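**Student:** The structure under discussion is supplied below as structure tokens; questions concerning it will follow.
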Amino acid sequence: MLFLASCARPQQSTTIEFWGLGREGEVVAELIPQFTKETGIRVDVQQIPWTAAHEKILTAHVGGSLPDALQVGNSWMSELVTIGAIVPLEPTLVPREDYFGGIWDTNVIGGTLYGIPWYVDTRLLFYRTDMIPNPPRTWSEWMAVMEKLRRENPSRDFYPIVMPTNEWPQPVILALQRGAVLVDDDARAHFDDPRFIEGFSFYVDMFRRGYAPAVSNTQVANIYQQFGEGQFAMWITGPWDVGNLRTRLTAEQQKSWSTAPLPAPDGTPYPGVAIAGGSSLVVSKRSEKQEAAKKFIAFLSRPEIQSRFYELTGDLPARKSAWRAIEGDRELAAFGRQLDRTVALPRLPEAENIVNAVAEHGQLTVRGQYTPRQAAQALDKKVDAMLEKRRWVLARSPVPSPHAGGERVRVRGDARREERPLTLALSPHAGRGDCRPEARP
Amino acid sequence: MKPQSRAALLFLTPGMALIALFFILPVIAGFFLSLTDFDLYSIGDAANTRFVGAKNYASLLDNPLFWRALTNTLYFSFVGGPLTIAVALAAALLLNAKLARFKALFRTIYFAPVVTTIVGVAIVWKYVYHPRVGLLNRMLDAIGIQGPDWLGDPRWAMPALILLAVWRGFGYATVIFLAGLQNVPEELYEAAKIDGAGEWKQFWHVTLPQLGPTFVFVGIITAIGFLQVFAEPYVMTPDGGPLNATLTIVMLMYREGFRWWNMGYAAAVAFILFAMVLLATLANTLIRRTR
């Protein structure tokens, strides 16, 4: 008996450090006792607020004080690989086929796996069921719906759609739907290209035709209340706002909204693509307890732990087998369909800077300072300058392709795009750090 | 060497060593950093760093965002600085008046914002500036003026921040002015009164000249504080506010350095700011000397 007892806890003294971000960092503590019971490994959790996380992780790397394992926004992955902060993970750690493809790809940099998706998100269409009985499935249906809503209600207190002009996901998603490449393998910008310009013009048109108000998210006083009262009919946002709407709208208002996957450009398969977001779990290079850290990641990735995590946080599980609990939820189930159609942003350390430049130029175009074509040319110039360093580094020592996986992803059903690699990746951070509307009182 | 000098040197050494280690050395390192393209790739592998000479400075001058930040910072400083000094002087005069009651209480009230943490201040002021339910617009409403969306409108975001900064900073200058006022010899006022000077003339010919050195000190401290403005725009209008209306030099430096990790570029921004602060300080001292 004694012998058995000592075998059950072989590494009694091992303690690993784990950094969790925001609410997830708080909730993960509840899952740890079971892990410690099973493995004898203790986990010391530190919670980092989302707003400070990115800076804190990079400075911690420089200062040599990263924890053994940590949660990161999956759009930060290529940055962390570039600075050598995290180690490759064995693909056998978890069954890959149980994960959404677009999300998995964001964790693969140059053919090597560096992170395991923890939870996922993406953006899709939130709409008012009383104003839009059937959500649009194509861009032309989408335009027609907005035109009709505008005609029926010309008042400036109402808009068919809200797209805050300082959020980058909307213009970037529309351009990616049209097949835009943004940046190629040689770190050259590709904005002055019909595919980008078409998507970008579609975005700008919604403002020019008066379907969307040209306001930033700090100018929208209370987006939930306005949506609940029907001051706008559509909104492109992520799963976190399902919870926000459910807690903030009155019981009566709850009946009149739902979610749907994004419409697709005419002639392309429905739903249209969105960008893959969410958080991943990674192991730091300086950790001396990498094996224990990997065990912890494998534990958090188990389907039953994923389901439990979903119950605790409302975050969408990365593993499809943990989605059974969600299938009955109409609003969240739409995310499951959208997640099967996600693409990754270029996996470059500069990606976030680039997409922010897109939003900035979108804002200038909406305000009439540029035509879409001029905005695209200005973006080419700006982004090419940003990537000058990367081209120099590439020329010195070939770095893995930014279109991760080594595999070149192509968008189905678009013959014109057949020749070019499409950058697929999803950025969970997209919805979080930068673009998630601040919680409002 | 005289024994006294040796003793003085001995006592000065620890202080000088600390200043050299933690101030002069980093400044020199920062200057060299500003001549390189140190960034994320350099953190991964130091060999990925190039010496680029003045290129960071040149591309800064070519960056419209830099000029935007510079204009915003100067706007903030040239409006906010003098306003702070004027409000502080007025408050100090009131506190110093012989008729004033509850001086200690008012002194505490004026000084309280200086020691209140900016994050708490920001939460309260965000409510004050709220376009619909904010205190400020409610008050404007009561007198029949429709207030703007203070933090959301590119024209009003900066004035809103200036108001906040003046409120937050004038208490410090008030305390210094108060000390200066209490040092003005009473005899000077008596002499002025005998010569038939009224309140205004006493203020102009006695109080102001006597406060000269205080003005230089307050001017320099305020100018440095305002040119380096960061906390107010960072907490009130993250990301530079509407159309970058509240992007300041330090915010630009923070964004380039800690958001995009272009450390070399950010160091160049820091040195330009350093030059600006140096100029402002020299100008303040010169103005005083020529008087």
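The values are calculated or read from the model by the stated rules, or taken from the named source; none is laboratory data. As the structure is a prediction and not an experimental result, all values here were calculated from the model. Neighbour counts are summed over all protein chains in view; Cβ atoms, including those assigned to glycine, are modelled from backbone coordinates with ideal geometry.
**Student:** Of the residues that sit in region B:80-93 and are within 19 Å of residue B:225 (Cα to Cα) and surrounded by fewer than 17 Cβ atoms within 10 Å (Cβ to Cβ), which one is farthest from the chain's Cα centre (by Cα)?
**Tutor:** Kept after step one, since they are within 19 Å of residue B:225 (Cα to Cα), are these residues of region B:80-93: B:80-89.
Within this subset, residues satisfying the condition of being surrounded by fewer than 17 Cβ atoms within 10 Å (Cβ to Cβ) are B:82, B:86.
Working: B:82: 11, B:86: 15 Å.
The residue in question is B:86.
**Student:** If you don't mind, another one. Within region A:300-313, does at least one residue satisfy the condition of being buried (at least 19 other Cβ atoms within 10 Å of the Cβ), under 24 Å from residue A:78 (Cβ atoms) and touching a Leu at 6+ places or on another chain (Cβ under 7 Å)?
**Tutor:** yes
**Student:** Do we have residue B:161 as within 14 Å of chain A (Cβ to nearest Cβ), outside any helix (DSSP H, G or I) and either modelled with pLDDT of 90 or more or surrounded by fewer than 16 Cβ atoms within 10 Å (Cβ to Cβ) (or both) here? Full working, then the answer.
**Tutor:** Numbers: within 14 Å of chain A (Cβ to nearest Cβ): yes; outside any helix (DSSP H, G or I): no; either modelled with pLDDT of 90 or more or surrounded by fewer than 16 Cβ atoms within 10 Å (Cβ to Cβ) (or both): yes.
Criteria not met by residue B:161.
**Student:** For residue B:247, are the conditions met, namely being more than 13 Å from chain A (Cβ to nearest Cβ), among the hydrophobic types (A, V, I, L, M, F, W, C), closer than 13 Å to residue B:72 by Cβ and surrounded by 20 or more Cβ atoms within 10 Å (Cβ to Cβ)? Quick ask: steps written out before the conclusion?
**Tutor:** Details: more than 13 Å from chain A (Cβ to nearest Cβ): no; among the hydrophobic types (A, V, I, L, M, F, W, C): yes; closer than 13 Å to residue B:72 by Cβ: yes; surrounded by 20 or more Cβ atoms within 10 Å (Cβ to Cβ): yes.
Judged against the criteria, residue B:247 is not a match.
**Student:** Can you tell me which of (1) modelled with pLDDT of 95 or more; (2) farther than 30 Å from residue B:47 by Cα is the one residue A:91 doesn't meet?
**Tutor:** Only one criterion is unmet by residue A:91, namely (1).
**Student:** Let me ask you something else. Just to verify a result, which residue in region A:378-398, among those that are surrounded by 14 or more Cβ atoms within 10 Å (Cβ to Cβ) and more than 9 Å from every other protein chain (Cβ to nearest Cβ), is modelled with the lowest pLDDT?
**Tutor:** Our first condition is that a residue be surrounded by 14 or more Cβ atoms within 10 Å (Cβ to Cβ); within region A:378-398, this holds for A:378-380, A:382-384, A:386-387, A:389-390, A:392-394.
From what is left, the residues that are more than 9 Å from every other protein chain (Cβ to nearest Cβ) are A:378-380, A:382-384, A:387, A:394.
Values: A:378: 96, A:379: 97, A:380: 97, A:382: 93, A:383: 96, A:384: 96, A:387: 94, A:394: 89.
Among residues in region A:378-398 that are surrounded by 14 or more Cβ atoms within 10 Å (Cβ to Cβ) and more than 9 Å from every other protein chain (Cβ to nearest Cβ), the one modelled with the lowest pLDDT is A:394.
**Student:** Search region B:250-291 for residues being buried (at least 20 other Cβ atoms within 10 Å of the Cβ) and part of a loop (DSSP other than H, G, I, E, B), and hand back the single one that is nearest to the other protein chains (Cβ to nearest Cβ).
**Tutor:** Only one residue fits best here, namely B:261.
**Student:** Would you pick out the residues in region A:351-375 that are over 25 Å from the mean Cα position of the chain (by Cα) and within 11 Å of chain B (Cβ to nearest Cβ)?
**Tutor:** A:367, A:369, listed by residue number.
**Student:** Of all the helices (runs of 4 or more DSSP H) wholly in region B:1-75, which have at least 3 residues that are of a type in the set (A, V, I, L, M) and closer than 27 Å to residue B:243 by Cα? It would help to see each step written out before you state the result.
**Tutor:** Details: elements: B:3-19, B:25-33, B:40-44, B:55-61.
Counting at least 3 such residues, we get B:55-61.
**Student:** Do you know which residues across region B:212-244 are within 11 Å of chain A (Cβ to nearest Cβ) and not in a loop (DSSP other than H, G, I, E, B)? I'd like the intermediate steps shown before the answer.
**Tutor:** Here is the first cut: in region B:212-244, the residues within 11 Å of chain A (Cβ to nearest Cβ) are B:234-244.
Correct list: B:234, B:235, B:236, B:238, B:239, B:240, B:242, B:243, B:244.
A quick yes/no check of all residues on (1) closer than 27 Å to residue B:221 by Cα; (2) in contact (Cβ under 8 Å) with a residue 40 or more places away in the chain; (3) within 14 Å of another protein chain (Cβ to nearest Cβ); (4) out of contact with any Cys (no Cβ under 7 Å at 6 or more places or on another chain):
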{"position": "B:28", "(1), (2), (3), (4)": "yes, no, no, yes"}
{"position": "B:40", "(1), (2), (3), (4)": "no, yes, yes, yes"}
{"position": "B:55", "(1), (2), (3), (4)": "no, no, yes, yes"}
{"position": "B:74", "(1), (2), (3), (4)": "yes, no, no, yes"}
{"position": "B:104", "(1), (2), (3), (4)": "yes, no, no, yes"}
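**Student:** For region A:59-100, enumerate the residues that are in a strand (DSSP E or B), within 14 Å of chain B (Cβ to nearest Cβ) and not small (Gly, Ala, Ser). Spell out how you get there, then give the answer.
**Tutor:** Of the residues in region A:59-100, the ones in a strand (DSSP E or B) are A:69-73, A:86, A:99.
From what is left, the residues that are within 14 Å of chain B (Cβ to nearest Cβ) are A:73, A:86.
Result: A:86, single match.
**Student:** Please work out if residue B:193 is more than 14 Å from chain A (Cβ to nearest Cβ), assigned to a helix (DSSP H, G or I) and charged (D, E, K, R). Before you say what the answer is, go through the steps one by one.
**Tutor:** Values: more than 14 Å from chain A (Cβ to nearest Cβ): yes; assigned to a helix (DSSP H, G or I): yes; charged (D, E, K, R): yes.
The answer is yes for residue B:193.
**Student:** Looking only at region B:94-106, decide whether some residue is touching a Ser or Thr at 6+ places or on another chain (Cβ under 9 Å), surrounded by 11 or more Cβ atoms within 10 Å (Cβ to Cβ) and outside any loop (DSSP other than H, G, I, E, B).
**Tutor:** Just the residues of region B:94-106 that are touching a Ser or Thr at 6+ places or on another chain (Cβ under 9 Å), to begin with: B:95.
Add one more test, that the residue is surrounded by 11 or more Cβ atoms within 10 Å (Cβ to Cβ), and what stays is B:95.
Subset that is outside any loop (DSSP other than H, G, I, E, B): B:95.
Yes, that holds for at least one residue.
**Student:** Now for a separate question. Please go through region A:95-121 and give me each residue that is of a type in the set (D, E, K, R) and touching a Lys or Arg at 6+ places or on another chain (Cβ under 6 Å), ordered by number. Even if it seems obvious, please write down each step before you answer.
**Tutor:** From region A:95-121, those of a type in the set (D, E, K, R) are A:96-98, A:105, A:121; that's our starting set.
Once the filter is applied, which keeps residues that are of a type in the set (D, E, K, R) and touching a Lys or Arg at 6+ places or on another chain (Cβ under 6 Å), region A:95-121 yields only A:98.
**Student:** Would you confirm whether or not region A:278-293 contains a residue that is in contact with a helix residue (DSSP H, G or I) (Cβ under 8 Å, 6 or more places away or on another chain), surrounded by 23 or more Cβ atoms within 10 Å (Cβ to Cβ) and closer than 17 Å to residue A:135 by Cα?
**Tutor:** no
**Student:** Checking residue B:35 against (1) more than 14 Å from chain A (Cβ to nearest Cβ); (2) surrounded by 12 or more Cβ atoms within 10 Å (Cβ to Cβ); (3) at pLDDT below 95, only one condition comes out false. Which one?
**Tutor:** (3)
**Student:** Right, here's the next one. Looking at (1) surrounded by fewer than 17 Cβ atoms within 10 Å (Cβ to Cβ); (2) touching a helix residue (DSSP H, G or I) at 6+ places or on another chain (Cβ under 9 Å); (3) closer than 24 Å to residue A:15 by Cβ, find the lone condition where residue A:84 falls short.
**Tutor:** Condition (3) is where residue A:84 drops out.
**Student:** Would you call residue A:52 assigned to a helix (DSSP H, G or I), surrounded by fewer than 20 Cβ atoms within 10 Å (Cβ to Cβ) and within 14 Å of another protein chain (Cβ to nearest Cβ)? Quick ask: steps written out before the conclusion?
**Tutor:** On the way: assigned to a helix (DSSP H, G or I): yes; surrounded by fewer than 20 Cβ atoms within 10 Å (Cβ to Cβ): yes; within 14 Å of another protein chain (Cβ to nearest Cβ): yes.
Criteria met by residue A:52.
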